[in-house]
Amino acid sequence: MVSTLDEQRAYGGAATHDVTNQAPPYAPYDASEDAALLEGLRREGAGWSEEDLRRLGRQAGSVQAQEWADLANRHEPELRTHDRYGNRVDEVDFHPSWHHLMRTAIAEGLAASPWADDRAGAHVSRTAGGLVWGHTEAGHGCPTSMTYAAVPALRRQPELAKVYGPLLTSREYEPGLRVPTEKRGLLAGMGMTEKQGGSDVRTNTTTATPTSEPGVYTLRGHKWFTSAPMCDVFLVLAQAPGGLSCFLVPRVLPDGTRNTFRIQRLKDKLGNRSNASSEPEFDGTVAWLVGPEGQGVKTIIEMVNCTRLDCVMMSAALMRKSLVEAGHHARHRSAFGARLVDQPLMRNVLADLALESEAATTLTLRLAGAADRAIRGDAQETAFRRIATAVGKYWVTKRGPAFTAEALECLGGNGYVEDSGMPRHYREAPLLSIWEGSGNVNALDVLRALSREPGTAEALFGEFARARGADARLDAAVVRLRDRLSGASQTTARRLVEEMALTLQASLLVRYAPPAVADAFCATRLGGDWGHAFGTLPEGADLDAIVDRALPVGN
């Protein structure tokens, strides 16, 4: 065998396969090592969970958890419609890594457990946990999010909530289809959209026929996009005699027989590959009414608030993960005689990405705090949550795709290769602006809130008022925004919501972030001293302070 040294002597130079000037593996690292995250956790009333969050952060950044994430996406779920004898089973098989991710997420309280926790800040703690555990992969966040969101909707039918609520809020993960009440923990999914309507659920054609048993119906119809079909129960919208209504559909009936839930196919999606998304058909499917007939949309409103918050959270987590990967590469890669991180242009790009990431994280935790306090009866926070969640959902998820593309570019060709993980982040980002209503749907929802619930606008401007006088650019933006409200229309809705989001993020950063961060954000996002691409911060921005805060040495 010829040694490397022998090769060098023979050919007069280094061996061709020597690896130099490449970043080492990033894992293990601490995904909770994020100043904006930890400060927001304490500020929004969940500082009591910091020790657990840090422990979860170390686990999320571990070699093992990062490998689970990779394997769950490389080995995609597989549909089995029939068993070997020809019987319908309608089951989906997942790679063991998926189950490892799910088991950890549920044990750490990232599903519905906050609904059973009386501590103030419980919902903030869950959101912060999602920001950290989101450093693994996003697909398994779908069933945990739906399970979280299902609980408040189910509470509109107390007798059902009494049976299923404790199992949905459990921290036990027990996969496999069995009688729900015989399991230690349950997952909930949703069947809302249909092929002819999408977000316009009032056009649903699935029918619900009452049976002789009070509150029990049979469903017939086809759902177009139902994710996580191996959940135990589903909230489904269908047309009952009294109008569009919400129903609870278990996969397995109380007598142990399979409910009719025929999975026609799994969707072949751009991203979110670890998570199965399906088209189920109902034909005599047994369902229990949740809430009054004809009030299906009203019943699921609280559910939508929850899942939209999770879209913001998942986008912010994806931004943060992409940023730290880009920063790690830039710290270890050299070009043109210097490390990338020390090159002025690259430092500007990283600083600009860091601003966007901190603004997204800070807004996410503010929304989580509003949700926590609204759930506990705070009327002012309820009004703020109503409009700010739709605003945040619109804007933060819109920024995600551009952000992940720029972070990928920081790695150059290395970032375009699957092994880097960056292509997975890039494919994942657009989903979050589509799920729970596209940009147009959320913009229209903001207009609806402004016209039907005037208190929401005052709650939003009340939030801005807390930062009054701290920055002239912010004060001017608030005045412009107030003037723009009078002419709000569908044509101008997107611009209005964008300005709301930027003003809200700026008001939070002015109050809570270091001056270098707040000043650069206001100068660029509100003052217009900004190009169209990331990496166009003005000459006077304190790039070192921004980068060092977001990407501390050693992480």
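The values are calculated or read from the model by the stated rules, or taken from the named source; none is laboratory data. Source: prediction; values computed, not measured. A quick note on method: Cβ atoms are made from the backbone with ideal geometry, for glycine too, and the neighbour counts reach across all protein chains shown.
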*Scan the range 358-372 and give yes if some residue there is at negative phi and not in a helix (DSSP H, G or I), otherwise no.*
no
*Residue by residue through the range 254-274, note down the ones that are hydroxyl-bearing (Ser, Thr, Tyr) and within 14 Å of Ser227 (Cα to Cα).*
Ser274
*Pair list, Cβ under 6 Å, 6 or more apart: the range 81-93 residue part of a loop (DSSP other than H, G, I, E, B), other residue at pLDDT 95 or above*: Asp83/Val89
*Scan the range 33-55 and report the pairs whose first residue is more than 16 Å from Leu363 (Cβ to Cβ) and whose second residue is modelled with pLDDT under 95, with Cβ atoms within less than 9 Å and a gap of 6+ or a chain change.*
Glu33/Pro552; Glu33/Gly554; Glu33/Asn555
_Among the residues listed as Leu323, Leu355, Leu318, the single one being within 20 Å of Glu499 (Cα to Cα), within 21 Å of the chain's Cα centre (by Cα) and assigned to a helix (DSSP H, G or I)_ = Leu355
*Do any residues in the range 17-31 that are loosely packed, with under 10 Cβ neighbours inside 10 Å have Cβ atoms under 7 Å from those of residues that are part of a loop (DSSP other than H, G, I, E, B), where the two are at least six apart or on different chains, and which pairs are they?*
Asn21/Arg333
*Could you grab me the full set of residues in the range 398-439 that are polar (S, T, N, Q) and at pLDDT 95 or above?*
Thr404, Asn414, Ser420, Ser433
*Candidates Leu187, Leu160, Leu154, Leu177, filtered to the one that is within 16 Å of Met303 (Cβ to Cβ), assigned by TED's automatic domain parsing to the domain that holds Val216 and over 25 Å from the mean Cα position of the chain (by Cα)*: Leu160
*Taking the range 478-514, which residues are small (Gly, Ala, Ser), outside any helix (DSSP H, G or I) and at pLDDT 95 or above?*
Ala513
_Complete set of residues in the range 398-432 that are touching a Phe, Trp or Tyr at 6+ places or on another chain (Cβ under 8 Å) and buried (at least 17 other Cβ atoms within 10 Å of the Cβ)_ = Pro401, Phe403, Thr404, Glu406, Leu408, Met422, Ala429
*Members of the range 496-555 that are small (Gly, Ala, Ser), farther than 21 Å from Leu345 by Cβ and in contact with a helix residue (DSSP H, G or I) (Cβ under 7 Å, 6 or more places away or on another chain)*: Ala501, Ala506, Ser507, Ala513, Ala518, Gly527
*Identify, by number, the condition in (1) of a type in the set (D, E, K, R); (2) in the same structural domain as Asp93 (by TED's automatic domain parsing); (3) farther than 30 Å from Thr218 by Cβ that Glu279 doesn't meet.*
(3)
_So, Arg220, is that one of a type outside the set (Asp, Glu) and in a strand (DSSP E or B) or not?_
yes
*asked:* Testing Gly109 on (1) within 16 Å of the chain's Cα centre (by Cα); (2) buried (at least 24 other Cβ atoms within 10 Å of the Cβ), one condition comes back false. Which one is that?
replied: (2)
*Take Ala465 and decide whether it is loosely packed, with under 14 Cβ neighbours inside 10 Å and either at pLDDT below 95 or under 30 Å from Asp378 (Cβ atoms) (or both).*
yes
*Qualifying position, being assigned to a strand (DSSP E or B) and not aliphatic (A, V, I, L, M), among Ser199, Ser245*: Ser245
*Hey, any hits in the range 170-191 for a residue that's under 13 Å from Leu289 (Cα atoms) and in contact with a Ser or Thr (Cβ under 8 Å, 6 or more places away or on another chain)?*
no
*Kindly indicate which of Val216, Val236 is more than 20 Å from Val89 (Cβ to Cβ), over 27 Å from the mean Cα position of the chain (by Cα) and not hydroxyl-bearing (Ser, Thr, Tyr).*
Val216
*asked:* Please determine whether any residue of the range 69-79 is under 21 Å from the mean Cα position of the chain (by Cα) and in a loop (DSSP other than H, G, I, E, B).
replied: yes
*Just one of Leu266, Leu289 is out of contact with any Leu (no Cβ under 7 Å at 6 or more places or on another chain) and in the same structural domain as Ala60 (by TED's automatic domain parsing); which is it?*
Leu289
